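K.L.:
Would you mind keeping the following structure in view while I ask a few things?
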Amino acid sequence: MNETPVIKKLDPSQLEAASNALIMGFSSDPFHRWLMPDPTIYYRNFKLFTENACKQSFSVDGVYGDENNYGTAVWFSPGFDIDFTDISEAYKDIPKDRIDEAFKIFEEIDDSRVHDAWYLEYLAVDPSKQGLGLGSLILKESLKVIDGLGEAAYLESSNPKNMSLYERYGFRFLKKIQVGSSPQLNTMIRQPKK
């Protein structure tokens, strides 16, 4: 990146841009592509997933992105109860040989979530801008706000390449979630920095 992009909280008028950056960034994510290996189903359903998450996260000022809409982070405040009703139709498209494993993973994710911490549901950067520090910058700026509140942060990651990024920002490994043929998800926690 030649100039440092401006990172800001996004608002509901930027829903499509935020969702599109997430769709692009997660297009090779091990877990989401295991759930939705068909590209057409992935695009259709992941759009539902990201729009559902963004709409709810806007209510807690938890959506961050860059001024050019190449990257997005979606956070939920401590104790926020995410509503998945609007995406329930998408579950029928999970491959039949994975459906039982998928629901076991969803249950484990919910059981493992640290509810008294900010929850990073998504952080992604368009592949054309990956490796330039944009994801790091979005994470850094959003964590400044969370640190200012004196609160912890929690996430799950299925992409091994992202673990070092999270570790650089103070996240530490908590637990592995993996069922049957699924990719491994790693849960991570970060205590507030002063």
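The values are calculated or read from the model by the stated rules, or taken from the named source; none is laboratory data. A quick note: this is a predicted structure, and the numbers were derived from the prediction, not measured. Here the Cβ positions follow ideal geometry from the backbone for every residue, glycine too, while neighbour counts run over all protein chains shown. In case anyone asks, the SASA skips ligands and DNA or RNA and just uses the protein heavy atoms, side chains included. Shrake-Rupley method; radii C 1.70, N 1.55, O 1.52, S 1.80 Å.
K.L.:
Do the conditions hold for Lys96, that is, is it open to solvent by 40 Å² or more (accessible area, probe 1.4 Å) and under 18 Å from the mean Cα position of the chain (by Cα)?
P.N.:
Judged against the criteria, Lys96 is not a match.
K.L.:
Now a separate question. Can you find, within the stretch 72-114, the residue that is farthest from Thr40 (Cα to Cα) among those that are touching a Leu at 6+ places or on another chain (Cβ under 9 Å) and of a type in the set (Val, Ile, Thr)?
P.N.:
In this case the residue turns out to be Val114.
K.L.:
Next question. What are the residues in the stretch 64-93 that are open to solvent by 40 Å² or more (accessible area, probe 1.4 Å), closer than 21 Å to Phe31 by Cβ and polar (S, T, N, Q), if any?
P.N.:
Hit for the stretch 64-93 is Ser88, nothing else.
K.L.:
Among the residues of the stretch 162-189, write down those that are open to solvent by less than 20 Å² (accessible area, probe 1.4 Å), free of Cβ contacts under 8 Å to residues at least 60 places away in the same chain and of a type outside the set (Ser, Thr, Tyr).
P.N.:
Within the stretch 162-189, Phe171, Asn186, Met188 qualify.
K.L.:
Name the pairs whose Cβ atoms lie under 8 Å apart, with the first residue in the stretch 25-53 and under 17 Å from Val125 (Cβ atoms) and touching a residue at least 12 places away in the same chain (Cβ under 8 Å), the second among the charged types (D, E, K, R) and surrounded by 18 or more Cβ atoms within 10 Å (Cβ to Cβ), and 6 or more positions between them or separate chains?
P.N.:
Hits for this filter: Gly25/Asp126; Ala53/Glu121.
K.L.:
Go through the stretch 1-81 and tell me which strands (runs of 3 or more DSSP E), entirely inside it, have 1 or more residues that are under 23 Å from Asn186 (Cβ atoms).
P.N.:
63-66, 71-76
K.L.:
Quick check on this structure: which one of Pro30, Pro78, Pro127, Pro39 is at pLDDT 95 or above and in contact with a Gly (Cβ under 8 Å, 6 or more places away or on another chain)?
P.N.:
So the residue among Pro30, Pro78, Pro127, Pro39 that is at pLDDT 95 or above and in contact with a Gly (Cβ under 8 Å, 6 or more places away or on another chain) is Pro127.
K.L.:
Test of understanding: among Leu132, Leu123, which residue is over 17 Å from the mean Cα position of the chain (by Cα) and open to solvent by 10 Å² or more (accessible area, probe 1.4 Å)?
P.N.:
Exactly one residue qualifies, and that residue is Leu132.
K.L.:
Which residues, taken from the stretch 13-40, are among the β-branched types (Val, Ile, Thr) and open to solvent by 30 Å² or more (accessible area, probe 1.4 Å)?
P.N.:
Thr40
K.L.:
As an exercise: evaluate Lys9 against (1) touching a Phe, Trp or Tyr at 6+ places or on another chain (Cβ under 7 Å); (2) crowded, with 21+ Cβ neighbours inside 10 Å and give the number of the one condition it does not meet.
P.N.:
(2)
K.L.:
Out of (1) open to solvent by less than 60 Å² (accessible area, probe 1.4 Å); (2) farther than 16 Å from Gly71 by Cβ; (3) modelled with pLDDT under 95, the odd one out for Asn159 is which?
P.N.:
The single condition Asn159 does not satisfy is (2).
K.L.:
Sort out which residues of the stretch 44-63 are open to solvent by 20 Å² or more (accessible area, probe 1.4 Å) and not β-branched (Val, Ile, Thr), and write them in order of number.
P.N.:
Arg44, Lys47, Leu48, Phe49, Glu51, Lys55, Gln56, Phe58, Ser59, Asp61 - these are the residues of the stretch 44-63 that are open to solvent by 20 Å² or more (accessible area, probe 1.4 Å) and not β-branched (Val, Ile, Thr).
K.L.:
So if I check each of Asp147, Asp116, which one is over 23 Å from His32 (Cβ atoms) and crowded, with 17+ Cβ neighbours inside 10 Å?
P.N.:
That would be Asp147, the only listed residue that is over 23 Å from His32 (Cβ atoms) and crowded, with 17+ Cβ neighbours inside 10 Å.
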